[in-house]
Amino acid sequence: MNQKLNRKITNLEKIKRPSADELFQFISLHKEDTLLDLGAGAGYISLPISKYVDEVIALDFDEEMLKYLEMKAKEQSITNIKTLVSDFKDIQLDDEKVDKAVASISLHEVKPLSLALGEIYRVLKSKGVFLCIELEEAELSTGPRVSSEKMKEEILRAGFDIVQAFYLQAKVANQPVYIIVAQKND
């Protein structure tokens, strides 16, 4: 494994954050679901959620990171994770392919956000649910952020209905986190 990838994995796995299982309470999962994990990285969502659904599509633009995720899945005897090297703004999946989509602290990097949200809407089945977990824009923010209000506006503009929106008590990397649960109702 190259040094840059190793450093990236170490940084991702050291981040203090709630367990992924805690986040799953905000989205009803069914064994027959196909779930899209946007910005899958080292598998923070993909690995633990795989036991609740039929298939996880772990999407990331970093092919080396996805190879690491495949290795972790194999070590844990997880066979229902499919990796997909793709850009959020041009998701290489058919229309209405997935039942659920999760973007965990990854959308703040995407410009323009509207293209990514439009793609998430496109690949979700009717009544599909989108779980957005993101860092709130704050005075002391470092790096790009999207405020919860701006995210709600963009999610609505993409065609979703917002089911719930709230802040977590726990912080990620010592920064406030919001969750938006949205549904495709067409």
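The values are calculated or read from the model by the stated rules, or taken from the named source; none is laboratory data. Keep in mind that this is a model prediction, so the values were computed, not measured. Counting neighbours? That spans all protein chains shown, and the Cβs are built from the backbone with ideal geometry, glycine included. Each accessible area value is taken on the protein alone, full model and side chains, heavy atoms only, with ligands, DNA and RNA left out. Shrake-Rupley method; radii C 1.70, N 1.55, O 1.52, S 1.80 Å.
Summary of computed values
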| item | result |
| --- | --- |
| Which numbered condition Ser114 misses (of (1) surrounded by fewer than 18 Cβ atoms within 10 Å (Cβ to Cβ); (2) free of Cβ contacts under 8 Å to residues at least 40 places away in the same chain) | (2) |
| Residue satisfying condition, being touching a residue at least 40 places away in the same chain (Cβ under 8 Å) and over 12 Å from the mean Cα position of the chain (by Cα), within set Asp95, Asp99 | Asp99 |
| Number of the condition not met by Leu69 [criteria: (1) part of a strand (DSSP E or B); (2) under 16 Å from the mean Cα position of the chain (by Cα); (3) within 19 Å of Val56 (Cα to Cα)] | (1) |
| Leu135 more than 15 Å from Ala58 (Cα to Cα), in contact with a helix residue (DSSP H, G or I) (Cβ under 7 Å, 6 or more places away or on another chain), open to solvent by less than 30 Å² (accessible area, probe 1.4 Å) and in contact (Cβ under 8 Å) with a residue 40 or more places away in the chain | yes |
| Every residue from region 33-63 that is within 20 Å of Ile105 (Cα to Cα), among the acidic types (Asp, Glu) and surrounded by 15 or more Cβ atoms within 10 Å (Cβ to Cβ) | Asp37, Asp60, Asp62 |
| Filter pass, Ile78 being of a type in the set (A, V, I, L, M) and either open to solvent by 30 Å² or more (accessible area, probe 1.4 Å) or modelled with pLDDT under 95 (or both) | yes |
| From Val85, Val172, residue being at pLDDT below 95 and under 16 Å from the mean Cα position of the chain (by Cα) | Val172 |
